[in-house]
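A short worksheet on the structure shown next.
Since every read-out is calculated from the coordinates, none of them should be taken as a lab result. Just so you know, these numbers come straight off a predicted model, no measurement behind them. Here the Cβ positions follow ideal geometry from the backbone for every residue, glycine too, while neighbour counts run over all protein chains shown.
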RNA sequence: GCGAUCGUAGCUCAGCUGGUUAGAGCAUCGGUUUGUGGUACCGAGGGUCGGGGGUUCAAGUCCCCUCGAUCGCCCCA
């Protein structure tokens, strides 16, 4: 029989690689509490319409990357390609509206049928933070501050916050029309990719990587020419708030977002350390999303971060090591060790037991798992009510009283 | 979905222009040391050379297909 293979684009991780992901989630959980974001859990699967209606039918995510299937009841189900839509669905269907403005955070798997690359997987993991039901620019600032602090606590440097506004719906529509007109007139000089983008999503031409597009992009109308007074004020309040909070940012007038639901603030924390997958945290304001799900008009902001991408940028976390490994020799000693081991662990001492092979094997085991001490229990020692405590770093060894250990554990 | 590079032991890799039983280091296991690890020495196990087909007297090495990884495009966290 040929061995079974993993599904393409999935990961099975052991040791440091797994610890890295856990370290990112742990840091996020710490910071999110400081900012008063409550933990939520949302389903991995949703009705396909939840994503199709919000993310945008024409986006790549919906049109060719979703894991969708019909369940046994004939319903179209989709594995979440992101968190925002599902959280908004829960906001509506679970009565979370009563908590608005609601600050929530979550993390877990997301699924996209893409070509795997470094920092890009078919099952990947995201951190997600959302503020639902807040129209104020302070919400945008708070969310950006959360992301900024998370990166700092992870010890990640060298990221840049790229910030833009996509304006309100009037702004965005007017700008989009002007861009469409501009690019249509220069369609002859555009790259093949951009010609295709012209009808589907003209905004995307702005961040084209094709050199032949650049002159046309440079002469394209900018969002600032179309910003309504209200939209300009809003963006001004966000940038002023960032400055007040001491968060470094850069204006990126051509930054657009692929997903249809974004309005006003759009941002990405970028790095040049991950090749083509340079976006490490990204998000923005999505005031129209909840209406697209059939709910009332509800302003909201949020972001998602790629856990794998962050995990690749942090220093390796310290592996857990037991403080002590018990090394029993003989049947009575095994029994005593089992009792001692349970006591140590109940007291919160990271302890392990080497139960295979001769003393050499057992000590070698204690050393291999990185223990600070080995506690050697033999019948001789047991008869004297003692054990040998060996400091594995220095090699020093001395007798300790089992009664004293028992007393310490009892206290 | 498109283009490029790559795929040899658990891991990192060596195998020159195709030529006898495919190697090393690390890891694992055993021994020197049947109650003393981490250092040292000796030894062992472990490979359908990603898979399939083809060319050839002969293929890890050349050709085709396929699967996977990496890099770029697309897209995105």
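Across the range A:240-256, the number of residues qualifying as surrounded by fewer than 19 Cβ atoms within 10 Å (Cβ to Cβ) and under 17 Å from residue A:283 (Cα atoms) comes to 8.
Pairing residues of the range A:272-291 that are free of Cβ contacts under 8 Å to residues at least 12 places away in the same chain with residues that are more than 7 Å from RNA strand B (Cβ to nearest atom), at Cβ distances under 9 Å and at least 6 apart in sequence or on separate chains, gives A:278/A:270; A:278/A:271; A:278/A:272; A:291/A:297; A:291/A:298.
No other residue among A:207, A:177, A:148 is surrounded by fewer than 16 Cβ atoms within 10 Å (Cβ to Cβ) and under 28 Å from residue A:305 (Cβ atoms) apart from A:207. If you filter the range A:376-400 down to residues that are within 6 Å of RNA strand B (Cβ to nearest atom) and within 10 Å of residue A:327 (Cβ to Cβ), you find that the one that is nearest to the chain's Cα centre (by Cα) is A:390.
Quick grid of which residues meet (1) in contact (Cβ under 8 Å) with a residue 60 or more places away in the chain; (2) away from RNA strand B (no atom under 15 Å from the Cβ):
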| residue | (1), (2) |
| --- | --- |
| A:293 | yes, yes |
| A:342 | no, yes |
| A:345 | no, yes |
| A:374 | no, no |
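The residues of the range A:5-15 that are surrounded by 12 or more Cβ atoms within 10 Å (Cβ to Cβ) and either part of a helix (DSSP H, G or I) or out of contact with any helix residue (DSSP H, G or I) (no Cβ under 9 Å at 6 or more places or on another chain) (or both), listed by number, are A:9, A:10. Checked against (1) without any contact (Cβ under 8 Å) to a residue 12 or more places away in the chain; (2) under 30 Å from residue A:37 (Cβ atoms), residue A:147 passes all but condition (1).
All conditions in (1) farther than 13 Å from residue A:259 by Cβ; (2) touching a helix residue (DSSP H, G or I) at 6+ places or on another chain (Cβ under 9 Å); (3) touching a residue at least 60 places away in the same chain (Cβ under 8 Å); (4) surrounded by fewer than 17 Cβ atoms within 10 Å (Cβ to Cβ) hold for residue A:58, with the sole exception of (1). The strands (runs of 3 or more DSSP E) found wholly in the range A:49-163 and carrying at least 1 residues that are within 22 Å of residue A:255 (Cα to Cα) and within 13 Å of RNA strand B (Cβ to nearest atom) occupy A:123-132. Taking the range A:255-372 and the strands (runs of 3 or more DSSP E) fully enclosed by it, the elements with 3 or more residues that are within 29 Å of residue A:58 (Cβ to Cβ) and more than 20 Å from the chain's Cα centre (by Cα) are at A:263-270.
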